[in-house]
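Every read-out reported here was derived from the displayed coordinates using simple, explicitly stated rules and does not represent laboratory data. Just so it is clear, the model here is predicted, and its values are computed rather than measured. A quick note on method: Cβ atoms are made from the backbone with ideal geometry, for glycine too, and the neighbour counts reach across all protein chains shown.
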Amino acid sequence: MEAIDQNILENEIKPAVNDDIEGQTFQQLEEEVQVYDYSKRAQWLRAAVLGANDGLLSTSALMIGVGAVRKDAKTMILTGIAGLVAGACSMAIGEFVSVYSQYDIEVAQFNRENRVRGAEKNEMDEARKEKLPNPFQAATASAFAFAVGALVPLLAAAFISDYHVRLGVVMAAVSIALLGFGGVGAFLGRAPLVRSSLRVLIGGWLAMGITFGLTKLIGSTGL
C-alpha cells in the first residue's frame, strides 16, 4: 500500500516539476530572443543628433562666412559665440513647442479613444505614458547638443592668429566632428555607419562652402 502511494505521489510530482522546468525554459528563451526596440531612443536621439549637427554646422558656417570678409580672429570668435547662444536658445524653444504639440495630440487621441469605449474617466496606463514624448527632455537634449557642436569650431579658432591657418583648422576640426556625430547617431540608431557619416560630412561641406562663397560674393560688392 505504501509502495502504491509512493508511486502515485511521484507521478503527481514529476509532471509539476517538468511543467516548471519547461515554463522556466520557455521564459528564458523569451528573454533571450527579446529584441530591444531602438525606436524608443528616437525622441531624445533625434533631438541630440539634430542639435549637435546644427550647432556644429551653423556656428562653423557663420564663422567661415564672416571670415570670408573679416580676417581678424576676434570678429570670427564673437560671431561664433553669438551663434552658439542664439542657436541653443532657438533649438530649445523650437523643440519644446514642437514636442509639446505632439504630446497634446497623443493625449487628446487617448481621451477620444476612451470616450468611444465609454470609459472617459479611465487613467492612462503606465506603458502608454512611457511612450509619450517628453518636451523638457527633448528641449534640454537639443540645446545641450547644439552647444557641444558649436564649441568645436570655436575652440579650433580660439588660439590661432593666422587667417588661412585658422580657416584650415576650423574646416578640419568640423569635418572630423561631422564624421564623429554621424557615426554616433548611426551606432545608437543601428543605422549603416559609413553611409550615415559620409552623408553628414558631405552635407556639412556644402553648407560651409555655400555660406563662404555667397558671403565673399556679397562682400565684394562693397555692401
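So if I average 1/r over every pair of distinct C-alpha atoms in segment 41-218 and take the inverse, what Kirkwood radius in Å does that give?
By the Kirkwood definition, the hydrodynamic radius is 17.9 Å.
Show me 76-87, 135-146 ranked by packing, highest mean number of other Cβ atoms within 10 Å first. Could you put the intermediate results ahead of the total?
Numbers: 76-87: 18.3, 135-146: 21.9.
Top to bottom by mean Cβ count within 10 Å: 135-146, 76-87.
Pop out the ³J(HN,Hα) list for segment 101-114 in order, Karplus 6.51 cos²θ - 1.76 cosθ + 1.60 with θ = phi - 60°, rounded to Hz; leave Gly and Pro as x.
Per-residue couplings from phi come out as 5, 5, 4, 4, 5, 5, 5, 5, 5, 4, 5, 5, 4, 5 Hz.
Hey, what do the phi angles of segment 191-196 turn into as Karplus ³J(HN,Hα) couplings, whole Hz, using 6.51/-1.76/1.60 and θ = phi - 60°, x for Gly and Pro?
With the stated coefficients, segment 191-196 comes to 9, x, 5, 5, 4, 5 Hz.
How large is ³J(HN,Hα), in whole Hz, for each residue of segment 181-187 in order, when computed from phi with the Karplus curve 6.51 cos²θ - 1.76 cosθ + 1.60 and θ = phi - 60°, using x for Gly and Pro?
4, x, x, 5, x, 5, 5
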